[in-house]
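Student: My questions will all concern the structure given below.
Coordinate-derived values only; no laboratory data. Here the structure is a predicted model, which is why all the values come from computation and not from measurement. Here Cβ is always computed from backbone atoms with ideal geometry, including for glycine, and neighbour counts include all displayed protein chains.
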């Protein structure tokens, strides 16, 4: 996956209540969820984020609740990937399952500057500033996870699996 | 050959690969799966597979608890849709609004058994580790995949052994131990890992208290938080009928990533917050902070023992003017028992409000939402900014006794002065 967009830099322990507060979860509409994305930690994010933008964070991104609306909110807002030093496990699985690339990088949050333009390539494993002066290395996505991501998420992955079962 | 942890044994059995070791990725079949209002999302993804019903409807549990009774017309429609689909898919283990919180019902109804692999579409599914099960949270789409295939990939986790020695001092409870463990481990100290509890404190710790620790381990990121089955566990199932699975305990030479030893007799009543669960202090350090709302309930601390602890503080006293006390029993049975024992009356006489069984205001949906500038002390598990309503509210976490004492004083207060 390759994408180009602005990077939005966040700190440690960005929890799911900050990504999408529980008070908005009555309504499952992705556009509604996206309109409140990151509201708890950065008010202007939802209105300013655009297609291709990359969320970059430090440790334990997505900790807290299992609400996969946290992924839906980011994805529908146009976020092309989340890069963090580490992810909370349920958020990580939810992102893979909904086809939002989540990639580990030890230094992306330190190297890149907030709101600058950058390109991400999850195949060659780099996130670089537009002038290519600063290049953050991304860690390889584990193969059993990448397979699901490459198929577009868990629903297409399982659909493909079920179809194969039928045709055999 | 080296010994095995509880996780290695349970995931080995559930994946048909008894050689499974820490670090291996296995395809495992759960013994029980649970979802709540997010069953709506589970079914949305599941319906794309064109399958008639989940792989094994008898292993599926659905509970309405997060927004019950419905807080909005939208929620009411979601509830109605779920009532239809449990019929359509022949899901018999359906608990409608008012029965209680999913994690409470799994244990209380003896649905979870020792040695099982349990998946729940809720992060606090770790609570069922109190019964000696490997119980972990997943998202809604993941649950849809499990409904379709009856399995999912799981990495066999590293295990942290937590050895709890000593006895609780006056005015301290499992919650205080849980808060002090999160303080020690940090918000991600157990991420991707299983926690196994052992030690002197655990020996005679009742299941409801064990649930507090298994529940709060999630706040350090734990994938599972297990009390290996013992005499207390078997006592829990006595007379409940049904087959107990073979209990799973760790081998003596099992390999742990880390062993932690905590002398619980040194732990004082703890208060955590605001905004970060690991930011906890002895109640003395935070005493005097004004609170507008005191909340007792949730999957962490809404059980009978919790309401009893609160009533011991409240009996013969009144909630401070300017503070509201809100109590939500974790289940209908808890509420019933609280009425039978006069505990509910003690709460009402003190000026408290009792909500229907369910998650209550914990997630900011209804029944005690916080406004800007308000401070709440809560027996729940998360004090994240904005969780219970306004981003400008503050949430502190504590044991039910500390919450009750704070309600009486209208400010964060030490429960020990109210206990004999």
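Student: Of all DSSP beta bridges located in chain B, what percent are antiparallel, nearest 5?
Tutor: Details: 11 of 54 bridges.
For chain B, the DSSP antiparallel bridge percentage is about 20.
Student: Working from the pairwise distances between different alpha carbons, so that the mean of 1/r is found and then inverted, what is chain B's Kirkwood radius in Å? Don't skip to the end; give the middle numbers.
Tutor: On the way: mean 1/r = 0.0467 Å⁻¹.
By the Kirkwood definition, the hydrodynamic radius is 21.4 Å.
Student: Could you give me the percent of Cα pairs per 10 Å distance bin for the protein assembly as shown, shortest bin first, beginning at zero and ending with the bin that holds the maximum distance?
Tutor: Bins of 10 Å from zero give 4, 18, 29, 28, 16, 5, 1, 0 percent of pairs.
Student: Between residue B:74 and residue B:339, what is the label-to-label distance in nm when each label sits 7 Å out along the Cα-to-Cβ direction?
Tutor: About 3.4 nm, to one decimal.
Student: May I pose another question? Take the alpha-carbon centre of region B:1-38, take the same for region A:116-154, and report the distance between them in whole Å.
Tutor: Each part's Cα centre sits 30 Å from the other's.
Student: Averaging sequence separations of C-alpha pairs under 8 Å and six or more residues apart, then dividing by the length of region B:275-420, give the relative contact order as a whole percent. It would help to have the intermediate numbers written out before the result.
Tutor: Numbers: 351 pairs, mean separation 50.3, N = 146.
Worked out over region B:275-420, it gives 34 percent.
Student: Once both labels are modelled 7 Å past Cα along the beta-carbon direction, what's the residue B:246-residue B:163 spacing in nm?
Tutor: Computed distance between label sites residue B:246 and residue B:163 equals 2.8 nm.
Student: Using the Kirkwood formula on the Cα atoms of region A:69-168, what hydrodynamic radius do you get, in angstrom to one decimal? All intermediate terms of the calculation are to be shown ahead of the outcome.
Tutor: Working: mean 1/r = 0.0685 Å⁻¹.
About 14.6 Å for region A:69-168.
Student: Share of antiparallel DSSP beta bridges in region B:245-396, in percent to the nearest 5? Before the final figure, lay out each step's value.
Tutor: Values: 3 of 17 bridges.
Bridges in region B:245-396 that DSSP calls antiparallel: roughly 20 percent.
Student: What is the spin-label model distance, in nm, from residue A:44 to residue A:144 if the labels are put 7 Å beyond Cα along the C-beta direction?
Tutor: Once both label points are built, they end up 4.3 nm from each other.
Student: Sort B:120-128, A:75-83 for me by packing, meaning the mean count of neighbouring Cβ atoms within 10 Å per residue, highest on top.
Tutor: Numbers: B:120-128: 30.1, A:75-83: 22.8.
Averaged packing, sorted descending, gives the order B:120-128, A:75-83.
Student: Using Cα pairs closer than 8 Å and at least 6 residues apart in sequence, work out the relative contact order for chain B, in percent.
Tutor: Values: 1091 pairs, mean separation 74.6, N = 420.
Relative contact order of chain B: 18 percent.
Student: How crowded by other chains is B:120-129, given as the mean number of beta carbons from other chains within 10 Å of each beta carbon?
Tutor: Values: counts 1, 4, 4, 10, 2, 2, 0, 0, 0, 0.
Partner Cβ neighbours, averaged per residue: 2.
Student: Counting partner chain Cβ atoms within 10 Å of every residue's Cβ in B:387-393, what's the average? It would help to have the intermediate numbers written out before the result.
Tutor: Working: counts 10, 4, 3, 2, 7, 0, 0.
For peptide B:387-393, the averaged partner shielding equals 4.
Student: Give the residues of region A:1-29 whose amide nitrogen is closer than 19 Å to a point set 7 Å from the Cα of residue A:124 in the direction of its Cβ.
Tutor: Hits in region A:1-29 for residue A:124 at 19 Å: A:1-7.
Student: State, as an integer percentage, the relative contact order of region A:2-140 based on alpha-carbon contacts under 8 Å between residues 6 or more apart.
Tutor: Relative contact order of region A:2-140: 27 percent.
Student: Could I ask something else about it? What is the gain in length, in nm to one decimal, between residue B:88 and residue B:52 on full extension, counting 0.36 nm per residue of separation less the C-alpha to C-alpha distance?
Tutor: Extending this stretch completely gives an extra 12.1 nm.
Student: If you don't mind, there's one more thing I want to ask. Just report the Cα centroid separation between region A:27-100 and region B:173-231, whole Å.
Tutor: The distance from the Cα centre of region A:27-100 to that of region B:173-231 comes to 29 Å.
Student: So what does the Cα-only Debye profile of region A:1-96 read at q = 0.13, 0.15, 0.20 Å⁻¹, as log10 I(q)/I(0), no solvent term?
Tutor: Those come out to -0.36, -0.48, -0.90, one per q.
Student: Over chain A, what per residue volume does the convex hull of the Cα atoms give, in whole Å³?
Tutor: Working: hull volume 18.3 nm³, N = 168.
Expressed per residue, the convex hull around the Cα atoms of chain A is 109 Å³.
Student: Another question, then. When you look at the Cβ of every residue in A:60-72, what mean number of other chain Cβ atoms sits within 10 Å?
Tutor: Working: counts 6, 1, 0, 11, 10, 10, 16, 8, 11, 4, 1, 2, 3.
Counting other chains' Cβ atoms within 10 Å and averaging over A:60-72 gives 6.
Student: So, one more: Arrange the peptides B:387-398, A:22-33, B:250-261 so that the one whose residues have, on average, the most other Cβ atoms within 10 Å appears first.
Tutor: Details: B:387-398: 23.9, A:22-33: 18.1, B:250-261: 13.8.
Going from most to least packed, we get B:387-398, A:22-33, B:250-261.
Student: To one decimal place, what Kirkwood hydrodynamic radius in Å is obtained for region B:270-418 from all pairs of distinct Cα atoms?
Tutor: 14.5
Student: Then there's this: Taking a label point 7 Å from the Cα of residue A:4 along the Cα→Cβ vector, which residues of region A:103-129 have an amide N closer than 20 Å to it?
Tutor: What the label zone holds, given the 20 Å backbone N cut-off, is A:112-129.
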